[in-house]
Amino acid sequence: MALHHRNHCHENQILLMDQYAVCSQMASWNPDWKIMLGLISLLGCIGSKTGLISVAVGLCMAVLTHKWGGVEWTVYGRMLTIPLFFVILSGAVIALDFTKEAVMEAVFVTVKVLTGTACLYMISLTTPVYEVVGTLRRWHLPEVMLELMILMYRFLFGLLELYEQMKQSAQARLGDIGIRQGYRSFFGICANLLVLAFRRASDSFNAMEARGYDGELRFLEEKKLVTGRQRLGIVLYGVLLAAGLLAERMWSI
């Protein structure tokens with residue numbers, strides 16, 4: 001079933017990104033395999049000299065996320081618009097020289113960033129954050145980095161949820177009628193959000209200690225095996241990607 005038809009889904013796609021990962025049709029796949037595939041694809045996008053390989057890799061990641069992950073194109077498109085503004089802004093700054101080389105460089109950078117974002121979306125929309133942390137722990141990343149990552153991730157989404165609730169309350173009281181009233185409501189929300197952020201941080205730490213937190217975050221993970229087809233697929237994909245990058249560099253000389 002398409003994810004946007006689930007009962008718990010609504011318009012704010014950012015707050016539901018983790019739910020899309022949990023409900024993904026690829027959630028039963030091995031997380032190490034998915035993260036490895038995403039990182040290989042990201043390296044391919046970065047290493048592309050003309051941008052053609054980047055476009056091909058980005059399309060592959062988008063199709064994989066849609067067809068096997070179950071994320072609808074409308075949802076995927078709305079999520080892709082989140083970084084699109086910053087990408088266009090960066091490209092516009094590069095193109096300020098108004099020369100052909102500057103415009104081409106701006107387009108090149110924009111393509112690379114968007115295709116790289118598609119690779120990261122393939123990971124984030126199909127792999128729950130606790131599986132990402134578990135994979136990085138098995139790859140021997142520093143424990144402090146992993147704890148900061150999971151705490152910041154959870155706290156960010158908690159603040160977004162609080163902001164949405166306060167924004168809806170302000171709109172229900174007609175707090176967005178007129179520019180003056182809108183600014184007043186916005187700054188009031190920001191002030192309340194700061195107070196609630198400290199309170200939420202204290203409550204989260206108390207909850208962690210009540211659950212036996214001893215300085216290391218642990219998660220129960222289901223063991224998911226890598227199938228022979230998946231092993232063969234990622235090897236062939238890596239070989240084809242390396243061959244494509246090599247051919248692209250030879251062709252552009």
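Determine the distance separating the Cα centre of segment 167-216 from the Cα centre of segment 30-46; give it in Å without decimals. Between the Cα centre of segment 167-216 and that of segment 30-46, the gap is 36 Å. Got a sec? Which residues in segment 19-46 would a label at LEU156 touch, if it sits 7 Å along Cα→Cβ and we count backbone N under 17 Å? 19-22, by backbone N distance to the label point. When the trypsin sites (Lys or Arg not before Pro) in segment 197-253 are filtered for DSSP coil states and for at most 11 other beta-carbon atoms within 10 Å of their beta-carbon, the remaining sites are ARG211, LYS223. Only Lys, Arg, Asp and Glu carry charge here, each on its Cβ (+1 for the first two, -1 for the last two); on that basis segment 163-214 has a dipole of about 320 debye about its Cα centre. For an R0 of 35 angstrom, estimate the FRET efficiency from the Cβ-Cβ distance between SER169 and LYS67 and round to the nearest 0.05. Result of the calculation: an efficiency of 0.30. Within the assembled protein chains, the solvent-accessible surface assigned to PHE86 is about 130 Å², based on a 1.4 Å probe.
Accessible surface for the chain, divided over its residues, is 62 Å² per residue with a 1.4 Å probe. When Lys and Arg each count +1 and Asp and Glu each count -1, what net charge do the other residues less than 13 Å away from GLY188, Cβ to Cβ, add up to? In short, +3. Taken over the Cα atoms of segment 31-123, the convex hull encloses 86 Å³ per residue.
Taking all protein chains together and rolling a 1.4 Å probe, THR126 ends up with roughly 0 Å² accessible. Rounded to whole numbers, the Karplus 3J(HN,Hα) couplings from phi for segment 128-144 are x, 5, 5, 6, 4, 5, x, 5, 5, 5, 5, 8, 6, 6, x, 4, 4 Hz, using 6.51 cos²θ - 1.76 cosθ + 1.60 with θ = phi - 60°, and x at Gly and Pro.
Annotation: lysines with alpha-carbon distance below 22 angstrom to LYS100 (same-chain offsets under eight excluded): LYS49, LYS112. About the centre of its Cα atoms, segment 86-152 shows a dipole size close to 160 debye [charges on the beta carbon of Lys, Arg (+1) and Asp, Glu (-1) only; nearest 20 debye]. For segment 73-113, trypsin sites (Lys or Arg not before Pro) are listed when DSSP marks them as loop and at most 13 other Cβ atoms sit within 10 Å of their Cβ; the list is empty. Taking only protein heavy atoms and a 1.4 Å probe, the accessible area of the chain is 68% carbon and sulfur. For the chain, what percent of Cα pairs sit more than 27 Å apart? Taking all Cα-Cα pairs of the chain, the fraction more than 27 Å apart is 51 percent. When the chain is treated as a GNM with alpha-carbon contacts under 10 Å, the residue of ILE179, ILE94, ILE82 showing the greatest mean-square fluctuation is ILE179.
Only one residue of TYR213, VAL144, VAL195 has its Cα farthest out toward the positive end of the dipole of segment 130-244, where Lys and Arg carry +1 and Asp and Glu -1 on Cβ, and that residue is VAL195.
Distance between the modelled labels on GLN19 and PHE205, one decimal in nanometres: 3.0 nm (7 Å Cα→Cβ projection). Working note: 222 nm ellipticity from helices only, DSSP H runs with n ≥ 4, each -39,500 (n - 2.57), summed and divided by the residues of the chain, gives -24500 deg cm²/dmol to the nearest 500.
Under 11 Å from a point placed 7 Å out from the Cα of TRP139 along the Cα-to-Cβ direction: which residues of segment 232-253 have their backbone N that close? What the label zone holds, given the 11 Å backbone N cut-off, is no residue at all. Charge dipole of the chain (Cα centre as origin; +1 on each Lys and Arg Cβ, -1 on each Asp and Glu Cβ, all else neutral): 320 debye, rounded to the nearest 20. The 3J(HN,Hα) values that the Karplus relation (6.51, -1.76, 1.60; θ = phi - 60°) gives for segment 48-63 are, in residue order, 5, 8, 10, x, 5, 5, 4, 5, 5, 5, x, 5, 4, 5, 5, 5 Hz. Gly and Pro appear as x. The alpha-carbon of LYS34 sits under 20 angstrom from the alpha-carbons of these aspartates and glutamates, leaving out residues fewer than 8 places away in its chain: ASP18, GLU72, GLU131, GLU221, GLU222. Computed over the chain with a Gaussian network model linking Cα atoms closer than 10 Å, the most mobile of TYR183, TYR20, TYR237 is TYR183.
Scaling against 2.2 N^0.38 Å puts the C-alpha radius of gyration of segment 131-223 at 1.47.
The values are calculated or read from the model by the stated rules, or taken from the named source; none is laboratory data. Because the structure is a prediction, the values reported are computed rather than measured. Note that each Cβ is placed from the backbone with ideal geometry, even for glycine, and that neighbours are counted across all protein chains shown. SASA here: full protein model, heavy atoms, side chains in, ligands and nucleic acids out. Shrake-Rupley method; radii C 1.70, N 1.55, O 1.52, S 1.80 Å.
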